[in-house]
1. Which condition breaks for ILE8 when tested against (1) closer than 22 Å to LEU242 by Cβ; (2) away from ligand 2 (no atom under 11 Å from the Cβ); (3) in contact with a Cys (Cβ under 7 Å, 6 or more places away or on another chain)?
2. Filter region 73-117 for residues that are outside any loop (DSSP other than H, G, I, E, B), under 17 Å from TRP223 (Cβ atoms) and within 18 Å of the chain's Cα centre (by Cα) and give the result.
3. Taking the residues in region 20-51 that are within 22 Å of PRO3 (Cβ to Cβ) and part of a helix (DSSP H, G or I) as candidates, determine which candidate is farthest from ligand 2 (Cβ to nearest atom).
4. Going through region 1-19 one residue at a time, which ones are over 12 Å from ALA67 (Cβ atoms) and not in a strand (DSSP E or B)?
5. For PRO175, only one of the following conditions fails: (1) surrounded by 17 or more Cβ atoms within 10 Å (Cβ to Cβ); (2) in contact with a helix residue (DSSP H, G or I) (Cβ under 9 Å, 6 or more places away or on another chain). What is its number?
6. Here's a check for you: in region 6-51, which residue that is closer than 16 Å to ASP62 by Cα and not aliphatic (A, V, I, L, M) is farthest from ligand 1 (Cβ to nearest atom)?
7. Of everything in region 118-163 that's surrounded by 16 or more Cβ atoms within 10 Å (Cβ to Cβ), of a type outside the set (A, V, I, L, M, F, W, C) and away from ligand 1 (no atom under 16 Å from the Cβ), which residue is farthest from the chain's Cα centre (by Cα)?
8. Enumerate the helices (runs of 4 or more DSSP H) found wholly within region 162-254, keeping only those where 1 or more residues are of a type in the set (Val, Ile, Thr) and touching a strand residue (DSSP E or B) at 6+ places or on another chain (Cβ under 7 Å).
Amino acid sequence: MAPRKIIIDTDPGQDDAVAILLALASPDEIAVLGVTAVAGNVPLPLTQKNARIVCELAGKPDTLVFAGCDAPMVRKLVTAEHVHGKTGLDGPQMADPTMPLQEQHAVDYIIETLRAHDAGTVTLCPLGPLTNIATAFNNAPEIVEKVQEIVLMGGAYFQVGNITPAAEFNIYVDPEAAKIVFDSGVPIVVMPLDVTHKALTTRPRVDAFRAMGTKVGDMVAAWTDFFERFDKEKYGSEGAPLHDPCVIAYLIQPELFTGRHVNVEIETTSELTLGMTVADWWRVTDRAPNAMFMGDLDSDGFFALLADRLARL
Ligand code: BDR
Ligand code: CA
């Protein structure tokens, strides 16, 4: 089968970085058409730079990287330096990238790329706030039918929230954008906190990255060491959730994940629960299902896939 064409929309972030590496390490299954940066974990000048650092680390400096929206559609940007550090990729020492940033705005790139493809042939993989994707849908509604599927990291049902008691970070930062995406009619697969909180970077798993003896293995281990300090303290867990790579792992081995096709609505008005993903997990309404909302993963299988693929870089 031909590799699946994807655009990765991202706000790196150490876990975004691992997701990008996993995609670039898997050319048999995945063709990365482009990487579009958005403001999220850290401001846009850093996320676009970090995306290029990661592509260079993967040995793929020809990857097209674009900078997109520097703020949510109607709100002020909320960032997460408390998790990811000042640069977004704190941990190891890293040189500035030398590969170029594309001149075109990420939103224009998304629109142009989708326009150039047949209906249902490009998959969008958002790993951050949904600002770029929703803006593209707003500016060029005809591209929506070109999307094969949106596989995204965001939201929560049983885990409820991480940035507020009621909301997950990516959805909370730009709830208006999330609403546009969830209302778009495109088939959506959601990797919520319910899943990603089971993808924990335990010691043996991090040691396996380090034991690769490669630059990529060392970097991934050092990033993990950095960001898990926050989550371990917060959750008292054995490691930190490796959120965003779940999206890419799903494209390669969907059988690692299980979930339910349900209705998901986004809260955009309540101050208290802003950005909540109201998932009808128990199917107690007659609202039409609009998303495959994942609930569980085979975490050993997930980390085995990661170790196998990252070792190829
Ligand atoms: C999400 O927020 C970011 O901090 C991570 O990169 C991930 O995409 C988890 O809530
Ligand atoms: Ca992210």
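1. Condition (2) is where ILE8 drops out.
2. Just the residues of region 73-117 that are outside any loop (DSSP other than H, G, I, E, B), to begin with: 81-84, 106-115.
From the residues that got through so far, the ones that are under 17 Å from TRP223 (Cβ atoms) too are 81-84.
Within region 73-117, GLU81, VAL83, HIS84 meet the criteria.
3. So the first thing to find is which residues in region 20-51 are within 22 Å of PRO3 (Cβ to Cβ), and the list is 20-36, 51.
So of that shortlist, the ones also part of a helix (DSSP H, G or I) come out as 20-24, 51.
Numbers: ILE20: 10, LEU21: 14, LEU22: 13, ALA23: 14, LEU24: 16, ALA51: 11 Å.
It comes out as LEU24.
4. Residues of region 1-19 that are over 12 Å from ALA67 (Cβ atoms), as a first pass: 1-8, 12-19.
MET1, ALA2, PRO3, PRO12, GLY13, GLN14, ASP15, ASP16, ALA17, VAL18, ALA19 - these are the residues of region 1-19 that are over 12 Å from ALA67 (Cβ atoms) and not in a strand (DSSP E or B).
5. So PRO175 meets the others, but not (2).
6. Looking at residues that are closer than 16 Å to ASP62 by Cα and not aliphatic (A, V, I, L, M), I get PRO27.
7. LYS146
8. Details: elements: 169-173, 175-182, 193-196, 203-210, 215-235, 245-252.
Correct list: 169-173, 175-182, 193-196, 245-252.
Read-outs: derived from the displayed coordinates by stated rules, not from any lab. Since this is a predicted model, take the numbers as computed values, not measurements. Note that each Cβ is placed from the backbone with ideal geometry, even for glycine, and that neighbours are counted across all protein chains shown.
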